[in-house]
1. Rounded, prolate or oblate, given the Cα gyration tensor of the range 36-124, with a/c below 1.5 counting as rounded?
2. Using a 1.4 angstrom probe on heavy atoms only, work out the carbon and sulfur share of the accessible area of the range 45-135 in %.
3. With a ≥ b ≥ c taken as the square roots of the eigenvalues of the C-alpha gyration tensor of the range 115-181, please select rounded if a/c is under 1.5 and otherwise prolate if a/b is larger than b/c or oblate if it is not?
Amino acid sequence: MPLIGCSILTADAVVCPVTPVLWKSRTMRRPSIFEFAGGESAFLRLAEAHHERCLQDPVLNHPFSHPGHPQHVERLAAYWAEIFGGPAAYSQSCGGQSAMLGIHAGQGAEEDLGERFVRCFVLAADDARLPEDPDFRAGLRSYMEWAVREVLSYSPRETRVPSGLPVPRWSWHGLQGADGS
């Protein structure tokens, strides 16, 4: 169920004005970031807005004007959706984390590229009309900062990506372990 317009009240409670429901950790499950954002359509809007922002950036324009796959934006949306608690569509159709890192590995990217990428992502959340809740936005930003560090760690030329890496999962508390914690 999309939870557009919801607000986090405390660390264990969320209220949604459109659907008058109060989530409390002791009585109901807290929505995933994917659900809170508005589901697949929200992540597609985010990927479209992010791609457009990257095209407008003088440094990011070059790699983003040559995305490599005609469904790059849709794949990016599926990847982010999966990370934040949505369906495993990216893993099932595109090969998971190893495939994503393999696309970016060995490119020799500079640190500035990562900072610009994060800035475009944060601004794209506004463009995509995602909820303005501070905890939600902090979760998006902290994920992208972590993800940029991960991708840049594979940036040096001749870097090899291990096979079989699962797509990471990110919750309100950050990176989740393989056991879902």
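1. Cα axes put the range 36-124 in the oblate bin.
2. Heavy-atom surface of the range 45-135 belonging to carbon and sulfur, 1.4 Å probe: 51 percent.
3. Here the range 115-181 falls in the oblate category.
The values are calculated or read from the model by the stated rules, or taken from the named source; none is laboratory data. All values derive from a computational prediction rather than experimental measurement. The area values use the complete protein model at the heavy-atom level, side chains included, leaving out ligands, DNA and RNA. Shrake-Rupley method; radii C 1.70, N 1.55, O 1.52, S 1.80 Å.
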